[in-house]
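Worksheet: one structure, shown below.
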Amino acid sequence: MRFYPMFFQAVFSRMDAERAHRIGFAGIRAAGATPLGAVLRARTRPDPGAEVRAMGLRFPSPFGLAAGFDKGAEGIGALADLGFGHVEIGTVTAQAQPGNPRPRLFRLVRDRAVVNRMGFNNDGAEAVAPRLAAARRRLEREHPGRARPVVGVNIGKTKVVPLEDAVEDYLRSTRVLAPLADYLVVNVSSPNTPGLRQLQEIESLRPLLRAVGEAADGAAGRHVPLLVKIAPDLTDEDVLAVADLALDLGLDGVVATNTTIAREGLVSDPAEVEACGAGGLSGAPLRRRSLEVLRLLRERAGDRLTLVSVGGVTTAEDVRERLDAGATLVQGYTAFLYEGPFWAHRINRGLARARR
């Protein structure tokens with residue numbers, strides 16, 4: 001019998017969701033700072049046959065942790081010790097910002113879902129950069145002679161910056177963080193920063209992505225793989241237009257998808273859903289649309305883009321389904337809150353069994 005579901009029900013489910021996250025993440029970081037981290041790393045290391053090569057990088061496993069869990073590069077090494085093949089930090093903005101007022105994170109346990117309106121709360125690019133550099137050094141030291149966990153950096157727009165100045169705001173983050181990133185993701189799809197999703201419109205997205213790509217490579221002195229993260233709420237036609245744009249600009253990939261503003265098909269009590277208020281819904285209810293968007297992108301782009309599928313991923317079978325549908329890499333986040341610290345390890349074991 002697994003211990004964590006009982007612990008979640010008895011402890012975390014009775015606690016404010018954001019407080020539970022802080023406590024859980026603090027526990028993960030504390031374990032990573034002790035000899036237990038080395039034990040976990042040895043026991044959860046993905047099977048060598050799981051290695052994936054994409055965007056010029058070696059990923060020890062196709063399964064990684066999506067942006068949102070570690071917003072400030074505070075626990076990359078400890079999270080990698082749990083078996084994630086990559087950890088995407090952020091979303092990071094150029095300026096530090098507190099995010100939206102609390103409460104801003106809510107669970108819908110019956111749906112295995114979360115509603116958040118965090119609002120890109122983070123310490124800002126300048127504060128995150130030295131932590132990111134230290135984490136990279138730690139990973140290189142702790143994974144000699146093998147593919148180390150990959151570190152992605154997800155950047156977004158500072159809330160107080162008007163849309164007409166968004167490009168320069170993204171460039172400030174890019175210049176600071178790109179030299180330290182294995183890959184970079186431009187987030188234009190969170191529903192929690194006013195006006196942000198307007199940047200998904202092709203006429204706005206084209207100059208933004210072109211400028212970020214040029215600035216990233218210039219700051220790093222090398223090619224930094226660049227991806228764009230899109231919303232599940234785009235129409236099919238807009239998803240295809242993003243794929244065309246990514247191909248036209250020579251982007252490395254697309255991350256699909258972010259959270260949704262839709263609330264259809266939930267089994268939770270409508271009053272409970274209403275009480276959560278506005279925000280992005282993540283977790284199991286996203287599974288179908290996330291898979292649809294992945295298939296649209298794959299049909300349009302073939303193997304010319306690295307497709308990172310995220311949304312509604314819980315089991316090794318879910319990960320395998322995404323890989324079979326054309327994903328190069330798969331990410332999860334919300335199920336981590338429900339499944340506990342050995343979730344990535346269980347998924348990696350399931351993938352290894354499927355390969356035999």
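Just a few scattered comments:
- For the chain, calculated [θ]222 nm from helices alone, where every DSSP H run of n ≥ 4 adds -39500 (n - 2.57): -13000 deg cm²/dmol
- Cα convex hull of the range 7-103, projected area averaged across orientations, nm²: 8.2
- Of the solvent-accessible surface of the range 188-258, computed with a 1.4 Å probe and all protein chains present, 48% belongs to carbon and sulfur.
- With viscosity 1.002 mPa s and temperature 20 °C, the Kirkwood radius over alpha carbon pairs of the range 82-129 converts through Stokes-Einstein to a diffusion coefficient of 169 µm²/s.
- Net dipole in debye of the range 260-356 [+1 Lys, Arg Cβ; -1 Asp, Glu Cβ; about Cα centre; nearest 20]: 620
- Charge-dipole axis of the chain as Lys and Arg at +1 and Asp and Glu at -1 on Cβ define it, positive-most pick from P46, G221, F84: P46
- Only the Cβ atoms of Lys and Arg (+1) and of Asp and Glu (-1) were treated as charged; on that basis the dipole of the chain about its Cα centre amounts to roughly 1560 debye.
- Remark: the range 137-266 carries a charge dipole of roughly 880 debye about the Cα centre, counting +1 on each Lys and Arg Cβ and -1 on each Asp and Glu Cβ.
- For the chain, the solvent-accessible area of protein heavy atoms averages 41 Å² per residue (probe radius 1.4 Å; ligands and nucleic acids excluded).
- Across R146, R58, R110, mean-square fluctuation computed from a Gaussian network of the chain (C-alpha pairs under 10 Å connected) peaks at R110.
- Within the accessible area of the range 59-141 (1.4 Å probe), percent carbon and sulfur: 51
- Antiparallel %, DSSP beta bridges [both residues in the chain], to 5: 30
- Where labels lie 7 Å past Cα in the beta-carbon direction, separation of R2 and E264 in nm: 3.0
- Two-site FRET efficiency, D165 against D236, from Cβ-Cβ distance with R₀ of 35 Å, rounded to 0.05: 0.65
- Protection proxy ranking of 178-191, 207-220, 114-127 - average other beta-carbon atoms within 10 Å, highest first: 178-191, 114-127, 207-220
- By average C-beta atoms within 10 angstrom, highest first, the peptides 79-88, 260-269, 92-101: 79-88, 92-101, 260-269
- Here each label is just a point 7 Å from Cα along the line to Cβ, and for D248 and A42 those points are 5.4 nm apart.
The values are calculated or read from the model by the stated rules, or taken from the named source; none is laboratory data. This one's a predicted model, so the numbers in the text were calculated from it and none came from an experiment. Cβ atoms come from the backbone with ideal geometry, glycine included; neighbour counts cover every protein chain shown. Surface areas here come from the heavy atoms of the whole protein model, side chains and all, with no ligands, DNA or RNA. Shrake-Rupley method; radii C 1.70, N 1.55, O 1.52, S 1.80 Å.
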